[in-house]
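Colleague: Sharing a structure with you now.
Any read-out appearing in this document is the output of simple, stated calculations on the displayed coordinates, not a laboratory observation. Please read these numbers as outputs of a predicted model, since none were measured by experiment. Because the Cβ atoms are built from the backbone with ideal geometry, glycine has one as well, and the counts that use them run over all protein chains shown.
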């Protein structure tokens, strides 16, 4: 391969670094599905140009998003009894986010994001999510979301095998540029998935891909690389959803 060859992930990282260095907030919607993070593994800098907390760290797309130390990935036990997730019907199989310490956990986005914030959740306790225009929960409060107990709603249709088997989507519009999100509530009582920055409605993989293709210019190679990343994540999500019951069937 030539000296100018770059992997898709490396190219995307350079694009996002350029966006960060310009001081601009992310205009496009960013979706954190948490796929690829280890079970009960700190997310750390998985979405921030680094890796999660395993000894040989896994890395995701560099979105400039960093989580506090108590934010862990957790994998559905349907995949294997070696995994810890007692949940089902998650919107994007098979990894979710959980906070393992009580009180307050923080997600920082140094470049900021605008317009909206949303996610799916399954919870056995009330929780609150606050959005601020400063890092680490500082500055002005832009918006708040109150999460109600919902983990057993609707009789858990679909896969009934996890204790947390119902998920709701929730989101909010806001004005200004957000740089941090603070999650408050009892530890290990709330699961989160498909956290979406820049939209008051959570991720829909097909709509995201169609929208991105519609908006980009055909001559823009950077956007073509982003197309490949989105397509790959959608395929992985569909594949995992098809196989989510294979462990039990075997």
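Colleague: Given q = 0.13 Å⁻¹, what are the Debye log10 I(q)/I(0) values for segment 107-200, with equal point scatterers placed on the Cα positions and solvent ignored?
Modeller: For segment 107-200, the Cα-only Debye profile gives -0.45.
Colleague: Hey, fewest Cβ within 10 Å first, where do 147, 81 land in order?
Modeller: 81, 147
Colleague: Semi-axes, largest first, in whole Å: what does sqrt of 5 times each Cα gyration tensor eigenvalue give for segment 29-182?
Modeller: Result for segment 29-182: semi-axes of 25, 20, 12 Å.
Colleague: Among bridges DSSP assigns within segment 50-151, what percent are antiparallel (round to 5)?
Modeller: Beta bridges within segment 50-151, antiparallel portion: roughly 95 percent.
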